[in-house]
1. Of SER120, SER25, SER21, SER70, which residue is among the small types (Gly, Ala, Ser) and modelled with pLDDT under 95?
2. Go through the residues of the stretch 50-59 one by one and say whether even a single one is open to solvent by less than 20 Å² (accessible area, probe 1.4 Å), of a type in the set (A, V, I, L, M), in contact (Cβ under 8 Å) with a residue 24 or more places away in the chain and farther than 14 Å from GLY112 by Cα.
3. Being more than 21 Å from SER7 (Cβ to Cβ), small (Gly, Ala, Ser) and over 13 Å from the mean Cα position of the chain (by Cα), is that true of even one residue in the stretch 21-39?
4. I want to confirm something. Restricting to the stretch 28-42 and keeping residues that are at pLDDT below 95 and not aromatic (Phe, Trp, Tyr), which single residue is surrounded by the most Cβ atoms within 10 Å (Cβ to Cβ)?
5. Hey, does the stretch 68-83 have a residue that's closer than 25 Å to GLN1 by Cα and without any contact (Cβ under 8 Å) to a residue 12 or more places away in the chain?
6. How many of the residues in the stretch 4-25 are in a loop (DSSP other than H, G, I, E, B) and open to solvent by 60 Å² or more (accessible area, probe 1.4 Å)?
7. Restricting to the stretch 95-114, name every residue that is among the aromatic types (Phe, Trp, Tyr) and open to solvent by less than 60 Å² (accessible area, probe 1.4 Å).
8. Just to be sure, is SER17 over 27 Å from MET105 (Cβ atoms) and in contact with a Leu (Cβ under 7 Å, 6 or more places away or on another chain)?
Amino acid sequence: QVQLVESGGGLVQPGGSLRLSCAPSSYIFRVFGMGWYRQAPGKQRELVAHITSGENTNYTDSVKGRFTISRDNAKNTVYLQMNNLKPEDTAVYYCYADLRVSFTMRRQDYWGQGTQVTVSS
């Protein structure tokens, strides 16, 4: 059973930085789009950033200029560099990947377990 394993969350003061990472727990035949969602208490899950296999990116407006999504295709890993963090960035962050586990399996979305990011003084 393939899982996406996240790391890098934590507590940071406003204006600080964190870097999230996410990678599959085992071999993957091919990875397509990857990205990050977040969900704050009492709010709906929202797309934060997405990166295609060709490394085209898009961001939700509230993080543009502060967050950077990137990927290492050799490691099938996606990163989210978060700078100038604000209290309103506090949420559980979930990575996802559109991938094929093996040549014989169909393409589908997989999700990480979520990592807490708390921005507070």
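1. Numbers: SER120 fails: modelled with pLDDT under 95; SER21 fails: modelled with pLDDT under 95; SER70 fails: modelled with pLDDT under 95.
Matching residue, one of SER120, SER25, SER21, SER70: SER25.
2. Step one: filter the stretch 50-59 for residues open to solvent by less than 20 Å² (accessible area, probe 1.4 Å), giving 51.
Subsequent filtering for residues that are of a type in the set (A, V, I, L, M) retains 51.
Now drop any that are not in contact (Cβ under 8 Å) with a residue 24 or more places away in the chain, which leaves 51.
Those still in the list that are farther than 14 Å from GLY112 by Cα too: 51.
Checked the stretch 50-59: at least one residue is open to solvent by less than 20 Å² (accessible area, probe 1.4 Å), of a type in the set (A, V, I, L, M), in contact (Cβ under 8 Å) with a residue 24 or more places away in the chain and farther than 14 Å from GLY112 by Cα.
3. Within the stretch 21-39, the first condition is being more than 21 Å from SER7 (Cβ to Cβ), and the residues that meet it are 29-30, 32.
With the extra rule that they be small (Gly, Ala, Ser), the set shrinks to none.
There is no residue in the stretch 21-39 that is more than 21 Å from SER7 (Cβ to Cβ), small (Gly, Ala, Ser) and over 13 Å from the mean Cα position of the chain (by Cα).
4. Ranking the candidates gives VAL31 first.
5. Yes; the residues of the stretch 68-83 include at least one that is closer than 25 Å to GLN1 by Cα and without any contact (Cβ under 8 Å) to a residue 12 or more places away in the chain.
6. 4
7. Filtering the stretch 95-114 for residues among the aromatic types (Phe, Trp, Tyr) gives 96, 103, 110-111.
Answer for the stretch 95-114, where residues must be among the aromatic types (Phe, Trp, Tyr) and open to solvent by less than 60 Å² (accessible area, probe 1.4 Å): TYR96, TYR110.
8. On the way: over 27 Å from MET105 (Cβ atoms): yes; in contact with a Leu (Cβ under 7 Å, 6 or more places away or on another chain): yes.
Spelling it out, SER17 is indeed over 27 Å from MET105 (Cβ atoms) and in contact with a Leu (Cβ under 7 Å, 6 or more places away or on another chain).
The values are calculated or read from the model by the stated rules, or taken from the named source; none is laboratory data. Bear in mind the structure is a predicted one, so any value in this text is a computation, not a measurement. Methodologically, a virtual Cβ is constructed for each residue, glycine included, from the backbone with ideal geometry; neighbour enumeration extends over all protein chains shown. The accessibility values were calculated without ligands, DNA or RNA, using every heavy atom of the protein model including side chains. Shrake-Rupley method; radii C 1.70, N 1.55, O 1.52, S 1.80 Å.
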